[in-house]
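The values are calculated or read from the model by the stated rules, or taken from the named source; none is laboratory data. The model shown is predicted, which means the values in this text are computed figures rather than measured ones. Here the Cβ positions follow ideal geometry from the backbone for every residue, glycine too, while neighbour counts run over all protein chains shown.
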There are 2 protein chains.
Amino acid sequence: MALSIIGAHIGYLRYVSTHGGGRREHLIYKNLRNMSEKRTIRIGLLGFGVVGQGVWKNIEKNRIALEYRLGAQLDITEVVVKNLGREREVVIPPKSISDDARRVVDNPDIDIVCELMGGKGEALELTRRALEQGKIVVTANKALICEHGEELFEIARQKGGHYFYEASVAGGIPIIKTIREALVANRFKLIFGILNGTSNYILTRMEREGLSFEATLGDARKLGYVEADEALDLDGIDAAHKAVILAYLAHGKWVRLDEIICEGIREITGEDIEIAAQLGYKIKLLAVIARDFEANKLSVRLHPALISKKEVIAGVDEVYNGVSVTGDVVGTTVLIGRGAGQDATSSSVISDIADAVFMLQGAPAPVISEEDEATYQKLADGLELADKASLKGRYYFRIHVRDEEGVLAKISEIMAKGHISFATVNQKELEDGTAKIMVTTHITDEASVMQVKTALSEQSAVIGRPVSFRIFDPNTQA
Amino acid sequence: MALSIIGAHIGYLRYVSTHGGGRREHLIYKNLRNMSEKRTIRIGLLGFGVVGQGVWKNIEKNRIALEYRLGAQLDITEVVVKNLGREREVVIPPKSISDDARRVVDNPDIDIVCELMGGKGEALELTRRALEQGKIVVTANKALICEHGEELFEIARQKGGHYFYEASVAGGIPIIKTIREALVANRFKLIFGILNGTSNYILTRMEREGLSFEATLGDARKLGYVEADEALDLDGIDAAHKAVILAYLAHGKWVRLDEIICEGIREITGEDIEIAAQLGYKIKLLAVIARDFEANKLSVRLHPALISKKEVIAGVDEVYNGVSVTGDVVGTTVLIGRGAGQDATSSSVISDIADAVFMLQGAPAPVISEEDEATYQKLADGLELADKASLKGRYYFRIHVRDEEGVLAKISEIMAKGHISFATVNQKELEDGTAKIMVTTHITDEASVMQVKTALSEQSAVIGRPVSFRIFDPNTQA
């Protein structure tokens, strides 16, 4: 057999092997320069906020061990910021810092681009440009991947670059690597968990201290836990971004945010948490990615849910995140850790940098033939998003009523008409002469629930629209 | 710069790059044959018992997705068994099965050797021989790594092979990959958890059903949960093997089994579990790997311990394993999953095979220079195993006494002399006129505990030797 190198592109070697009559082209990632310069890997940071400074600080902190493990030297060559004048906790040499993104993105010396600026405008432009040039990009930007991942991964594939995103989901928890590498033997029936630390912190304090949503939110704001755009944390959008990414990773299908159920925590009250506790549940904001392989349906959703206290995920409190992954080979594996914060997130960014270094030192570019692609696509062929309305399960209702005679009978009647039957009922009298009725149901479906809520809200005895939460049982999901 | 390939060894290319005055040698794993034959990776299995059959079955099950993800075809070319006549659940083509290990170990066509036979005699011989030839070996054999890992990893390093061992610790939980890759940015202050499913199953049933150790053990035997050599499960040896492996992985230091505390679950009684529960604890068989970076001491131990019910690890029940890893960057991450069984273990073996495939397709052999080695070794320089006797913490005692006047006073006096003070005391009268006194202590040290136990057992009022368990608090470990 013969082997000849036929080209050295931006990030890789192109070579041909021949054997008998066969001829095959290969790519190997290889930054040629690095081979002779003591394997120095040059990194450019786009953005130097909390995470960027964390990456710098933590590479410095454990540099010796890290460089030994990688067999390479790491050099953060360029840092790009918006505002050069801003004071920062981490002080870096003036020659390394600029406000000119081209010094990273268009710089042939930069091997790895870390996009840690966030947002979707400039971050998209720069990520696109870096990937177009075959560079490796590491990101923590879940919103960007969620909305533009399909395009960006495709550019990376075509240009021989790579787009790493461990830090985008669940901070320091290695959920991307676990699904992609450690559980490579598996197909994933169910992935669910807590993917937003801020909302989990609020729910935990409401539960433990009996505080209202508003009071706890105030504290969370003071602690700097809530994003500037509060909808990200409170309306579930941040966690939904992450659910979309996990759905793509596990099932190869991009779903749009507007196609899925995405409900936040604003409607949860102390009494919901209290009644749930009495019934053996906690209320958590859950991301659920469930695949029914027989029907070839995928359900991706993000909503508060009552979950049995016996489930490990129910015990994930405060700012922690937790993900439960059920594979058809491994069974159920649960990962719990910090979901955000400078250090946890930078730990994941550095882990992606490490994988990128591994690639730059010779790991193969996945050259996927059309034939391979076609074979694989058959697995996802016809995979459809499950109809939201057909979602089945048990529900919890909170109905605010005027405390009139026969009101419970009326409610029962309406629910029975909608084919929803009660599992438990709790009633709580309020001082103003109204009452709250809390009901859990037997198994029903989303469409019935919507219909019954509308019917109930049309009753004169019912004040406002009833609130409902799903009861999540991982054992009955598909 | 110039690049020239100077050799094609068994599993890799050797090439030289020159740049200016510099010259550097590199290795790239590469099975040359595979490059022209549609990237078929040939695997040999040594052993075809529970795990071996699981690997076969689960590769077949998800072959299309797996081969797509790997960009390679997997061919289990040779299976070696001891007894050709035995009936097996998985039937494989007769041409692939033999009782001749040379067909795997000495076969230049085999890229990856999976040692799934267990034991330390032949398995050691064959692993050594495969690694001597620069092959990649994947193993689930914790006993072998624990006792011969130092030699085997060194052979792999020298010969350019690799020794993968994800399946050796905590079955389907990707703890090796997580520590080695995902948390590469970290140094590890504390790793602890439950690493033996059988003993955890026994403790869980004792707790939930109030059964005795003996009764539960009987059931566990019937279910086939207990290893033929029962000491592995009941005396903590299996979990201690795994603790030794994790200590090496996280700290680069091999400790010997006979240097560490290794205590099993045989002494735990229902009343210990009951009293612990009243005090807010569960009793779990814990592996602890704690490093004190300031004093440069490493504590590796395996013993039953009372652990607060609030800790996530305390909630890991039945046959599940759980590991808590505290890194100096990421904080605490917990992984929970099946610790044993055909499918979970084979999921990890297949994940190692996937990493091996990645390597065979061009990932770099870590060519570590003496200089690099020396720099890194400084981090572990002088790292010593902590003195067992100096281990500090709180303890639980169970003391069986004749129910005589003043016996509690006597016990208090002896403990006070040994500088151990009570935190709680429970006394339980038995029908035979004796009593059991259960005590938890404030912080003391191992040496004092040993001394006090001896002093107590010399008292005429004390029956037998008191039993003690440590109380483990992850927040005060170092």
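Within region A:166-185, restricting attention to residues that are among the hydrophobic types (A, V, I, L, M, F, W, C) and either more than 7 Å from chain B (Cβ to nearest Cβ) or assigned to a helix (DSSP H, G or I) (or both), which residue is surrounded by the most Cβ atoms within 10 Å (Cβ to Cβ)?
Result: A:A170.
With respect to A:I313, determine if the residue is at pLDDT 95 or above, buried (at least 24 other Cβ atoms within 10 Å of the Cβ) and under 23 Å from the mean Cα position of the chain (by Cα). If you could, list the steps in order and put the result at the bottom.
Working: at pLDDT 95 or above: yes; buried (at least 24 other Cβ atoms within 10 Å of the Cβ): no; under 23 Å from the mean Cα position of the chain (by Cα): yes.
Answer is no for this residue.
Give me the pairs, please: first residue somewhere in region A:87-105 and assigned by TED's automatic domain parsing to the domain that holds A:T77, second residue anywhere and in a helix (DSSP H, G or I) and at pLDDT 95 or above, beta-carbon distance under 6 Å, and either six or more positions apart or on two chains.
Here the result reads A:E89/A:Q53; A:V90/A:Q53; A:V90/A:W56; A:V90/A:K57; A:A101/A:L126; A:V105/A:L126; A:V105/A:R129; A:V105/A:A130, each pair linking region A:87-105 to a residue that is in a helix (DSSP H, G or I) and at pLDDT 95 or above.
Which numbered condition in (1) at pLDDT 95 or above; (2) facing chain A (nearest Cβ under 7 Å) is the only one that B:D372 fails?
The one condition B:D372 does not meet is (1).
Considering only region A:262-278, how many residues are surrounded by fewer than 17 Cβ atoms within 10 Å (Cβ to Cβ) and touching a strand residue (DSSP E or B) at 6+ places or on another chain (Cβ under 7 Å)?
2
Any idea which of B:G193, B:G218 is part of a strand (DSSP E or B) and either within 12 Å of chain A (Cβ to nearest Cβ) or not basic (K, R) (or both)?
B:G193
Considering only region B:317-333, state which residues are of a type in the set (S, T, N, Q), at the interface with another protein chain (Cβ under 7 Å from one of its Cβ atoms) and more than 20 Å from A:G331 (Cβ to Cβ). Full working, then the answer.
Let us first name the residues in region B:317-333 that are of a type in the set (S, T, N, Q), namely B:321, B:324, B:326, B:332-333.
Narrowing further to those that are at the interface with another protein chain (Cβ under 7 Å from one of its Cβ atoms): B:332-333.
Correct list: B:T332 only.
If only one of A:D403, A:D387, A:D381 is closer than 27 Å to A:P304 by Cα and of a type outside the set (G, A, S), which one is it? Break it down stepwise before answering.
Details: A:D403 fails: closer than 27 Å to A:P304 by Cα; A:D381 fails: closer than 27 Å to A:P304 by Cα.
None of the others qualify; the one that does is A:D387.
At least 2 residues that are within 38 Å of the chain's Cα centre (by Cα) and of a type in the set (K, R) in each: list the strands (runs of 3 or more DSSP E) lying fully within region B:386-478 that qualify.
Once the strands (runs of 3 or more DSSP E) in region B:386-478 are filtered for at least 2 residues that are within 38 Å of the chain's Cα centre (by Cα) and of a type in the set (K, R), what remains is B:392-402.
Among A:V288, A:V312, which is the only one that is within 15 Å of A:N475 (Cβ to Cβ), without any contact (Cβ under 8 Å) to a residue 40 or more places away in the chain and either aromatic (F, W, Y) or assigned by TED's automatic domain parsing to the domain that holds A:A185 (or both)?
A:V312
From A:F188, A:F213, which residue is surrounded by fewer than 23 Cβ atoms within 10 Å (Cβ to Cβ), away from chain B (no Cβ under 14 Å) and aromatic (F, W, Y)?
Going through A:F188, A:F213 in turn, the sole match is A:F213.
Name the one entry in A:E78, A:E67 that is in contact with a strand residue (DSSP E or B) (Cβ under 9 Å, 6 or more places away or on another chain), acidic (D, E), at pLDDT 95 or above and outside any loop (DSSP other than H, G, I, E, B).
The conditions single out A:E78.
I'd like to verify a number: residues in region B:447-478 that are touching a residue at least 60 places away in the same chain (Cβ under 8 Å) and not aromatic (F, W, Y), how many?
Of region B:447-478, the ones touching a residue at least 60 places away in the same chain (Cβ under 8 Å) are B:450, B:461-464, B:466-474, B:476-478.
Pick out the ones that are also not aromatic (F, W, Y) and you get B:450, B:461-464, B:466-468, B:470-471, B:473-474, B:476-478.
Looking only at that region, the number is 15.
Can you go through B:K135, B:K120 and tell me which one is touching a residue at least 24 places away in the same chain (Cβ under 8 Å), out of contact with any strand residue (DSSP E or B) (no Cβ under 9 Å at 6 or more places or on another chain) and not β-branched (V, I, T)?
Answer to the selection: B:K120.
Residue by residue through region B:327-365, note down the ones that are more than 16 Å from B:I175 (Cβ to Cβ) and acidic (D, E).
B:D328, B:D343
If a residue counts only when it is hydrophobic (A, V, I, L, M, F, W, C) and farther than 24 Å from A:E214 by Cβ, which helices (runs of 4 or more DSSP H) contained entirely in region A:230-347 have at least 3 such residues?
Once the helices (runs of 4 or more DSSP H) in region A:230-347 are filtered for at least 3 residues that are hydrophobic (A, V, I, L, M, F, W, C) and farther than 24 Å from A:E214 by Cβ, what remains is A:237-251.
Mind listing whichever residues of region B:62-92 are more than 20 Å from B:E115 (Cβ to Cβ) and more than 7 Å from chain A (Cβ to nearest Cβ)?
Passing the criteria: B:R63, B:E67, B:L70, B:A72, B:Q73, B:G85, B:E87, B:E89, B:V91.
Looking at B:R338 and the list (1) at the interface with another protein chain (Cβ under 7 Å from one of its Cβ atoms); (2) surrounded by 24 or more Cβ atoms within 10 Å (Cβ to Cβ), which single condition is not satisfied?
Exception for B:R338: condition (2).
What do you reckon, is A:D229 crowded, with 16+ Cβ neighbours inside 10 Å and among the acidic types (D, E)? Give the derivation first.
On the way: crowded, with 16+ Cβ neighbours inside 10 Å: no; among the acidic types (D, E): yes.
Judged against the criteria, A:D229 is not a match.
Could you grab me the full set of residues in region B:162-197 that are touching a residue at least 60 places away in the same chain (Cβ under 8 Å) and among the acidic types (D, E)? Even if it seems obvious, please write down each step before you answer.
From region B:162-197, those touching a residue at least 60 places away in the same chain (Cβ under 8 Å) are B:162, B:164-180, B:183, B:185-197; that's our starting set.
Result: B:E166, single match.
Condition first: in the same structural domain as A:V105 (by TED's automatic domain parsing), outside any helix (DSSP H, G or I) and at pLDDT 95 or above. Can you find one or more residues in region A:140-158 that meet it? Walk me through how you get there before you give the answer.
Taking region A:140-158 and keeping what is in the same structural domain as A:V105 (by TED's automatic domain parsing), we get A:140-158.
Okay, now just the ones that are also outside any helix (DSSP H, G or I), so A:140-141.
The next check asks that each one be at pLDDT 95 or above; those that pass are A:140-141.
Yes.
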